[in-house]
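I have placed the structure first, in the form of structure tokens, so that the comments after it can refer back to it.
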Amino acid sequence: MVAQAPATPPTSIDRALLAKATTGDVAAEIKAGDAYAAGNGAPRDARQLAADYKQAAFWYGKAAVQGNTVAQIHLADLYRDGRGVPRDMAQAAAWYRKAAELGDAGAQGTLGILYSVGMGVPHDDVEAYFWLALAAAVPGPNQARFVTNRQSVGEHITTDQQSQVEDRVAAWKAAHPRAPVQ
């Protein structure tokens, strides 16, 4: 894990929440991570902020290894930004990939962008197009952005590569059906 659980939690963190999180309850682990990341609304000095983000990373990490996409994305964001953990784009990309493989459109789009610029992963326009195509297929507030990014990346791959990616996308969608959007 990325950190140790606190022996004595700050007063701003609900002790009952931490007790529940300690039992492995994923929702409580995420709430504990959120609480540490947000603080209690009071100003925090740099040392307290760093300690709180370290604890946020710990709790998000516990939920992330249990396959929770929200926690995986929060942990990826912490690695991307170097909050509570050393800045590590390869680790960020790895956590975005886990969430993307579980079907999270935001993580898919983010992973596509990372491949398009070679951050944390090798630059690969074909792989970028694949992840952006998956993200672009999901209705939501970022869909238009994912479509635009996919089209931009598509200018850098051949027609044959695009066709092969579309086959991969179709196979992925068949293997990972999404719940209908209400």
Task: Selected residue [buried (at least 16 other Cβ atoms within 10 Å of the Cβ) and touching a Gly at 6+ places or on another chain (Cβ under 6 Å)] from ALA57, ALA37, ALA21, ALA32 - done: ALA57
- [ ] Evaluate the following for ASN149: is it among the polar types (S, T, N, Q), over 30 Å from SER12 (Cα atoms) and in contact (Cβ under 8 Å) with a residue 40 or more places away in the chain?
- [x] yes
TODO: Would you mind telling me which numbered condition in (1) assigned by TED's automatic domain parsing to the domain that holds TYR60; (2) surrounded by fewer than 20 Cβ atoms within 10 Å (Cβ to Cβ) ARG80 fails?
DONE: (2)
TODO: Those residues that are surrounded by fewer than 21 Cβ atoms within 10 Å (Cβ to Cβ) and in contact (Cβ under 8 Å) with a residue 12 or more places away in the chain, I need them from region 108-120; list them, please.
DONE: ILE113, MET119
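Would region 130-145 turn up any residue that is of a type outside the set (Asp, Glu) and touching an Asp or Glu at 6+ places or on another chain (Cβ under 6 Å)? Quick ask: steps written out before the conclusion?
Start the filter on region 130-145 by keeping residues that are of a type outside the set (Asp, Glu), which leaves 130-145.
Those still in the list that are touching an Asp or Glu at 6+ places or on another chain (Cβ under 6 Å) too: none.
No, that holds for no residue.
For region 20-121, please list each of the helices (runs of 4 or more DSSP H) lying entirely inside it that holds at least 3 residues being more than 30 Å from GLN151 (Cα to Cα) and at pLDDT 95 or above.
26-38, 46-64
The values are calculated or read from the model by the stated rules, or taken from the named source; none is laboratory data. All values derive from a computational prediction rather than experimental measurement. Here Cβ is always computed from backbone atoms with ideal geometry, including for glycine, and neighbour counts include all displayed protein chains.
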